[in-house]
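Trainee: Below is the structure I would like to discuss, written out as structure tokens.
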Amino acid sequence: MALNPNKELKKYYSIKEVSDMLGIPDSTLRYWEKEFKEIAPKKNAKGIRHYTAADIEQIKRVNHLVKEKSLTIKGAQVRLKENPKDTALDTHEIVERLKGVRQELIALLDELNATPPCGQPL
């Protein structure tokens, strides 16, 4: 089954798609779902999770607090409760953009290093 490359068009995502998209193991997503009331994907009659874009944003917030800010689960819960809307997601987005820029610069550098100087034969 091929994944939809244009993720913005989808309304619901499977746990595997979210896991692959964010680089977070399925088991961690299920654990966070138990620990954080903010992460509440819909489940069908068989119990299969369907994550919305809002669920994914909440997961990004939790991931930022737990993995990047090194907060404990309890600390992240407190931080989300104190300030649910403005929980360093802007910082997370900036970091992600900078990582992308860094990868582009590394690719450019590799390309420049692979290209022989002007006027010299291959």
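Trainee: For Asn83 and Ala45, what does the FRET efficiency come to when R0 = 30 Å and r is the distance between their Cβ atoms, rounded to the nearest 0.05?
Mentor: 0.25
Trainee: Apply the Karplus parameterisation 6.51 cos²θ - 1.76 cosθ + 1.60, with θ equal to phi minus 60°, to every residue of the stretch 67-75 and state each ³J(HN,Hα) to the nearest whole Hz, in sequence, with x for glycine and proline.
Mentor: Computed from phi, the couplings for the stretch 67-75 are 8, 8, 8, 6, 7, 6, 4, 4, x Hz.
Trainee: For the stretch 10-114, what does the alpha-carbon gyration tensor say about shape, rounded, prolate or oblate, given a ≥ b ≥ c as the root eigenvalues, a/c under 1.5 as rounded, and a/b over b/c as prolate?
Mentor: oblate
Trainee: Let me ask something else about it. At a 10 Å Cβ-Cβ cut-off, how would you order Val18, Val62, fewest neighbours first?
Mentor: Ordered by Cβ neighbours within 10 Å, fewest first: Val18, Val62.
Trainee: Of Lys16/Lys74; Lys43/Lys67; Lys46/Lys81, which sit over 28 Å apart, Cα to Cα?
Mentor: Violating the 28 Å limit, Cα to Cα: Lys46/Lys81.
Trainee: Can you compute 3J(HN,Hα) from phi for each residue in the stretch 78-83, using the Karplus curve 6.51 cos²θ - 1.76 cosθ + 1.60 with θ = phi - 60°, rounded to whole Hz and x for Gly and Pro?
Mentor: Ordered by residue, 3J(HN,Hα) equals 5, 4, 5, 6, 5, 9 Hz.
All of the numbers you see were taken from the coordinates with simple rules; none came from a lab. Please read these numbers as outputs of a predicted model, since none were measured by experiment. In this analysis, Cβ positions are derived from the backbone assuming ideal geometry, glycine residues included, and neighbour counts consider all displayed protein chains.
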